[in-house]
Amino acid sequence: MDDHTVFHWRDIQDHVRFGREFPVDGATAFFEWLATVDTDAITESVTEATHRKVVRGVARNIPYPVYNSLYPVYGSLKKRI
């Protein structure tokens, strides 16, 4: 992953407030999973093709309401980078 992508994932990890309810079904499970992701391990070994596979794999496994909420943000960021 490039530095910008890593920064955004780490920023989300750092700012999730656990112990609260989220307004989107499946968001709690997603953020609990995100808390366990080791971005350092991913950045050291991921190639661009693998990065795309990881993003697609995550997108397929995110509960639909969470995906539906996050996809417009992802699309907007992707256009800017």
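The values are calculated or read from the model by the stated rules, or taken from the named source; none is laboratory data. Treat the numbers as computed from the prediction; the structure is a model and nothing was measured. Here the Cβ positions follow ideal geometry from the backbone for every residue, glycine too, while neighbour counts run over all protein chains shown. These area figures cover heavy atoms from the full protein model, side chains too; ligands, DNA and RNA do not enter into them. Shrake-Rupley method; radii C 1.70, N 1.55, O 1.52, S 1.80 Å.
Table for the structure above
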| item | result |
| --- | --- |
| Sequence of 39, 28 when ordered by accessible area, the most exposed leading, probe 1.4 angstrom | 28, 39 |
| Under the Karplus curve 6.51 cos²θ - 1.76 cosθ + 1.60, θ = phi - 60°, whole-Hz ³J(HN,Hα) for segment 3-18, x wherever Gly or Pro sits | 4, 5, 5, 4, 4, 5, 5, 5, 4, 5, 4, 5, 10, 6, 9, 6 |
| Solvent exposure ordering (accessible area, 1.4 Å, most first) of 36, 50 | 36, 50 |
| Label-reachable residues, segment 7-30, where backbone N falls under 12 Å from a point 7 Å from residue 39's Cα toward its Cβ | 7-16 |
| Residue order for 7, 30 - accessible surface, 1.4 angstrom probe, largest first | 7, 30 |
